[in-house]
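For reference, the structure discussed in these notes is given below.
None of the figures in this text is laboratory data; all of them are computed from the coordinates on show. All of these numbers come straight from a predicted model, not from anything done at the bench. Note that we place each Cβ from the backbone using ideal geometry, even for glycine, and neighbour counts take in every protein chain shown.
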Amino acid sequence: MKLKIIFFSVLINCYISAFAFGQELNCQVTVVVDNQIPLTSIEKEVFDILKQTVYEMMNNTKWTKEKYKLEERINCNIQIQISSIPSSGTYVGSIQVQSTRPAFNSSYNSTILNYQDDNLSFAFTRNSILIYSPNQYRDELTSILAFYAYYIIGMDADSFSAQGGTQYFTEAQQIVSLAQSSGSPGWASNDTKKRNRFYLVDNILQQLFEPLRACNYQYHRKGIDLLYEDQVKAKANMYQALSLLNKVVSTRPNSINLLNFVQAKQIEIKNVFAEAEQTEKNEIVNLLKKIDPANSSKYQEILE
């Protein structure tokens, strides 16, 4: 009898541990198909299976060796947008990736990543299985999802500790290297458009982009996380953090990483500085216009 009690106690403890220290991501998944594409009942079923399969891969894969409590999981969203079906079981479109991180002592969540990848082309059937294997290219969709899983975790880690995401960005870069042999779009350095997965991770690991990573850390840890305690100091720190991006502008203006970070923060900055003095507003707007001149009119809204 005692042996049975011990046995069941062990099972219960294992069960509790599995939920206390789960996977890293809390990922919501949607699949959107262009309404110009006529779908059969079979294809609709395949897209339902695709949504569930992607959901299970993102949320059930153990991406790191770190222990994440349930409430520590990274909230993120994956939207797969299908624009064409060249042949049965082959899909072309884009993938939208978003992630947030919580602000200290608040229910507010700050957007870390909001990126649309227009280089999506993959094969999928109702029997497809998505399993990530490190150091191995299995199929296109698995590699793309694994790449963004590590990129999301890297950006999140960078926002909590200085360059804390390096090991995860390195893993994402390894995925790029392995996928290049496939010849699929989005993985190569010689793509005509430099808005792809290769440059997204290659840039972030270069020394030239260290000010951007420092900005990510300081903006969140000394800015967003301080807003509840001291708004004046938090806003000053956010401005100083964004000022670091001038160093990147001088060497790599209009780079994918630079613009993606600033544009993801546009609404947040507008809300944070809504009650700021006019001088503060002018300073932040002038800074943002210098970093991202193509969207000057959007940053002008902060002054309204």
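In a fully extended conformation the segment linking Val92 and Ser181 would gain 30.1 nm over its present Cα-Cα distance, using 0.36 nm per residue.
Note: relative contact order over segment 209-304, using C-alpha pairs below 8 Å and six or more positions apart, is 24 percent. Based on DSSP H segments of at least four residues, each scored -39500 (n - 2.57), the chain has a per-residue ellipticity at 222 nm of -15500 deg cm²/dmol.
When the Gaussian network model of the chain links Cα atoms closer than 10 Å, the mean-square fluctuations of Asp139, Asp230, Asp118 top out at Asp230. In degrees from 0 to 90, rounded to the nearest 10, what is the angle of the helix 140-160 Cα long axis to the longest principal axis of the chain? So the helix axis and the longest Cα principal axis differ by about 40 degrees.
With contacts taken as Cα pairs under 8 Å and at least 6 residues apart, segment 25-205 reaches a relative contact order of 17 percent.
For segment 248-257, 3J(HN,Hα) computed residue by residue from phi via the Karplus equation (6.51, -1.76, 1.60; θ = phi - 60°) reads 6, 4, 5, 10, 9, x, 6, 5, 4, 5 Hz, glycine and proline entered as x.
Determine the shape class of segment 210-304: with a ≥ b ≥ c the square roots of the Cα gyration tensor eigenvalues, call it rounded for a/c under 1.5, and otherwise prolate if a/b is greater than b/c, oblate otherwise. It is oblate, given that a/c is not under 1.5 and a/b is not larger than b/c. Close amide H partners of Phe104, meaning residues 5 or more places away or on another chain with modelled amide H under 5 Å apart, are Asp225. Within the straight-line cut-off of under 24 Å between alpha carbons, the lysines reachable from Lys247 are Lys193, Lys194, Lys222, Lys233, Lys235, Lys265, Lys270, Lys281, Lys289, Lys290, Lys298, sequence neighbours fewer than 8 places apart in one chain being disregarded.
Residue-wise HN-Hα couplings along segment 264-275, as the Karplus relation 6.51 cos²θ - 1.76 cosθ + 1.60 with θ = phi - 60° gives them from phi, are 5, 9, 4, 5, 4, 4, 4, 5, 5, 9, 4, 9 Hz; Gly and Pro carry x. Looking at the chain as a GNM with Cα springs under 10 Å, which of Ile74, Ile37, Ile175 has the largest mean-square fluctuation? Top of the fluctuation ranking is Ile37.
For a straight C-alpha distance cut-off of 22 angstrom, the lysines reachable from Lys51 (same-chain residues fewer than eight places away being disregarded) are Lys62. Ranked by the mean number of other Cβ atoms within 10 Å of their residues, highest first, the peptides 95-101, 275-281 fall in the order 95-101, 275-281.
Under the criterion of Cα pairs below 8 Å and six or more residues apart, the relative contact order for the chain equals 12 percent. What's the angle, to the nearest 10 degrees (0 to 90), between helix 2-20's Cα axis and the longest principal axis of the chain? Helix 2-20 sits at roughly 40 degrees to that axis. Within the chain, antiparallel bridges make up roughly 70 percent of the DSSP beta bridges whose residues both belong there. Rounded to the nearest 10 degrees, the inclination of helix 41-60 to the longest alpha-carbon principal axis of the chain is 70 degrees.
Note on segment 131-248: semi-axes of the ellipsoid equivalent to its C-alpha gyration tensor, largest first and rounded to whole Å, are 32, 15, 10.
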